[in-house]
Structure formats: structure tokens, C-alpha cells
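The values are calculated or read from the model by the stated rules, or taken from the named source; none is laboratory data. Only a predicted model underlies this, so the values are computations on that prediction, with no experimental measurement involved. Heads up, the Cβs are rebuilt from the backbone with ideal geometry, glycines too, and the neighbour counts pull from every protein chain shown.
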């Protein structure tokens, strides 16, 4: 029997609760898809597999029961976090500075690297590889900087200097 761990004993993650309106819409769509499509489908498979009799060696039954637990866990998480997120929309005061939701283009002269990415909340990362978390060292170093400013990103491998080339916002 599995024992539920009280939430108060779990470590608190220092993730920002900010999200873009597009990011929140994607989470709502994921929740809707899991609830209306995947969960009923997996539930039907579990029912069918259970009707076959002996469940001890029934791989379909065990796999789909596990998948059902994963879906239910994700649904519970989505219900909780969707209500807790704070939607951050573009505001003209952000123009010219790196803030939440900005597309930033940066360059590292020493390494000969150039990157372009968007600063978003943690939950939006899996949907796009061109996004970085607001909680990342890179984002923290870039916050409130303007075009031409240099940002020093401190990592375990050393300090890296990045120059801001361009800042844009989706409006």
C-alpha cells in the first residue's frame, strides 16, 4: 500500500508562477485533451483488460492502470497550477528592456555564439525549445537590461559574458 506524503514535508520549488496567456491556453488544452480523450480511452482499455480474467499476468491491464495513474496525476497537477498561475501580458512599459515574455537575441564574442530565445515560465518550456525559464541563471542575468548591455551569467563552468543585440515582444 502506498502512503501519501503530506505536501508540507515536500521541498518547495522556487519556480515563478508567471505564465504567458498562450502558455496558459496550451495547459488548458492539455488538461481538456487528457480529461476528454485520453482518460476515457485508457479507462476503456483497463475495463476491457480486466474483463479477460486473471490480472496477475495481464500486461495490457498493468500498463493501462499505470498510464491511468499518470494521467490522473497530471490532471491533478494541471488543475492546481492553472489556478495558481499569474498571467503576464505585454505592457508598453516593458519596451526596450528584457522582461517576462521577451524574445532576446544575445551574442558571446569569446565563444563566437549567438542565441535567440524567449523568457517564459517553467511550465511553458516543454512546448518550445526556443524558450528559457525566467528562473534560469541566464534569464536572471538578462532581466532589466537593454540593447547593447552586457550580462554576466555565472555558472559552475565559469562566468560568461553575453551582449544583448535585440529585444522584441509579442503584442
(message) Name the single residue that is surrounded by the most Cβ atoms within 10 Å (Cβ to Cβ) among those in region 102-129 being in a loop (DSSP other than H, G, I, E, B) and within 12 Å of the chain's Cα centre (by Cα).
(response) 121
(message) Where the second residue is part of a helix (DSSP H, G or I) and surrounded by fewer than 16 Cβ atoms within 10 Å (Cβ to Cβ) and the first is free of Cβ contacts under 8 Å to residues at least 24 places away in the same chain and lies in region 59-78, which pairs have Cβ atoms under 8 Å and are six or more apart or on separate chains?
(response) 60/48; 61/50
(request) Identify all residues within region 149-171 that are modelled with pLDDT of 95 or more and not in a strand (DSSP E or B); write none if there are none. (result) 149
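Name every residue in region 146-163 that is surrounded by fewer than 19 Cβ atoms within 10 Å (Cβ to Cβ) and closer than 17 Å to residue 100 by Cα, in order of residue number.
Applying the first criterion (surrounded by fewer than 19 Cβ atoms within 10 Å (Cβ to Cβ)) to region 146-163 yields 146-150, 152-161, 163.
If the condition is that a residue be surrounded by fewer than 19 Cβ atoms within 10 Å (Cβ to Cβ) and closer than 17 Å to residue 100 by Cα, then 146, 147 are the ones that fit.
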(message) Quick check on this structure: which one of 132, 71 is assigned by TED's automatic domain parsing to the domain that holds residue 34, surrounded by 14 or more Cβ atoms within 10 Å (Cβ to Cβ) and under 30 Å from residue 31 (Cα atoms)?
(response) 71
